[in-house]
1. Output the number of residues of the range 170-198 satisfying the condition of being closer than 22 Å to Arg116 by Cβ and not β-branched (Val, Ile, Thr).
2. When Ala131 is evaluated against the numbered criteria (1) in contact with a helix residue (DSSP H, G or I) (Cβ under 8 Å, 6 or more places away or on another chain); (2) farther than 28 Å from Ala47 by Cα, which criterion, by number, is the only one it fails?
3. Does the range 140-155 contain at least one residue that is under 30 Å from Arg62 (Cβ atoms), of a type in the set (Val, Ile, Thr) and loosely packed, with under 13 Cβ neighbours inside 10 Å?
4. Among the residues of the range 186-212, how many are within 22 Å of the chain's Cα centre (by Cα) and surrounded by 11 or more Cβ atoms within 10 Å (Cβ to Cβ)?
5. So, restricting to helices (runs of 4 or more DSSP H) that lie completely within the range 89-206, which ones have at least 2 residues that are within 29 Å of Ala51 (Cβ to Cβ) and touching a residue at least 60 places away in the same chain (Cβ under 8 Å)?
6. Taking Ala112, is it crowded, with 21+ Cβ neighbours inside 10 Å, over 41 Å from the mean Cα position of the chain (by Cα) and not polar (S, T, N, Q)?
7. Looking at the range 236-332, what helices (runs of 4 or more DSSP H) fall wholly within it and have at least 1 residues that are aromatic (Phe, Trp, Tyr), at pLDDT 80 or above and over 45 Å from the mean Cα position of the chain (by Cα)?
8. Please give the number of the condition Asp215 fails out of (1) acidic (Asp, Glu); (2) farther than 30 Å from His330 by Cβ; (3) at pLDDT below 75.
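The values are calculated or read from the model by the stated rules, or taken from the named source; none is laboratory data. This one's a predicted model, so the numbers in the text were calculated from it and none came from an experiment. Glycine gets a Cβ as well: all are built from the backbone with ideal geometry, and neighbour counts include every protein chain shown.
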Amino acid sequence: MPVRKAPNASSTRADATLAGVLAAIGCLMVALTDMTGLQFADIPIWAPLLAALLLPLPLVWRRRFPVPAAIAQIVIYVAAGESGAIELYASQVALFMGFYSIGAWDPDRRRAFWSRVVISLLMAAWLAASAVRGFFDPETGERGVSAYFALLMIQVVVNAAYFGGGWIFGDRAWRSAIEQERLAAAHAEIEAQQQQLADQAVSLERLRIARELHDVVAHHVSAMGVQAGAARRVLATDQEKAADALRHVEASAREAITELRSLVVTLRSEDDGAAAAPDLDALPDLVEAARTSGQRVTLATIGEPRRVTPMVGLTAFRVVQEALTNARKHAGPVAEVDVRVRYLPDELEVEIADDGHGSGAGQHGAGAGVLGMRERVAALGGSLEVGPRSRGGWLVRARIPAHGGAARPTDAATDPADAAPAAPTTTV
């Protein structure tokens, strides 16, 4: 069952202030009424003043103990009324606040309902008993029966309005407080989810930056290493070839700096950067750069070329780039690398295979490069195959939905290398 927030010290101080104000007003009303001579003529003035002080006192605990506070007020009110020591103005407000507080603050709604029923019946019975006694009072005959019953109806209507209003507004205050509690809980949950989403977005952005940096740096640094090694070997015997190799090192370094600068600009911009990223149109330049660095690479396009989304094009480009880098590092400079781009009805397939005849040596396993490729492809709902070929060499094949659909459980990537024996060429 929903429960509103418990009262605190501040609300207790507010209730104490309310009780003090009502007590002061009640004493003032007693003094003014005594001056008119309409009441308190036959009793000492201290009695109504004491009643005016005691009646609002239970309101200090009206939120923490609403039912006992209301019952205490009823007892004080009836006792003062029977002795003729009740003033008829501030006392009604104090009584209303006590009855109202049961509906507004009692967490046990069943108890709140029945306690108000009992209080209403007791007050009605007391009012009826007072009406019967008043009917036989000698003063009633002097004023007339009609006047008496008119005064009695006024009292009935006023009491019904007070107790009915206290009941209705108390329940309404309870429902409003519960709704506010629910809204506050929902707001806190939304804020927590927003913070979680923000943290996830930061993590994903860091992962994307790491992938981009790995793809750019690994590819160009690998090419520079190969060219620098070639230049070192022929520096003493063929300075022209050494100079040509060093020019390729310089070109690769400049291209790496350009891509890094483009990556930084993309990360600083407010869009997703897909428009400035490489795509399928950049594959010929990538293959040509690999050939220039000494790799034997062929590029073939199978099927009718068509437009794909920027993210699909970027993912395909990065897969080819990473596979060429791995082939350069592990398949050796004399290996033949075949790059094929297939336009299937609903998918784009890129395949990079080497013949495994190179002299490069590597350790069997899948490092950050393959992990990055797998995550890129899986993020678009595709699949990735990585492993040795049966006739020698290494194969990387990625299938990506042409429109970059969401990942599905049935699209989980599998790695043939997990079940295949170790081969001379491996990926990292």
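1. Residues flagged as closer than 22 Å to Arg116 by Cβ and not β-branched (Val, Ile, Thr) within the range 170-198 amount to 9.
2. (2)
3. Within the range 140-155, one or more residues are under 30 Å from Arg62 (Cβ atoms), of a type in the set (Val, Ile, Thr) and loosely packed, with under 13 Cβ neighbours inside 10 Å.
4. Within the range 186-212, residues that are within 22 Å of the chain's Cα centre (by Cα) and surrounded by 11 or more Cβ atoms within 10 Å (Cβ to Cβ) number 3.
5. Ranges flagged: 90-105.
6. no
7. none
8. If we test Asp215 against (1) acidic (Asp, Glu); (2) farther than 30 Å from His330 by Cβ; (3) at pLDDT below 75, just (2) comes out false.
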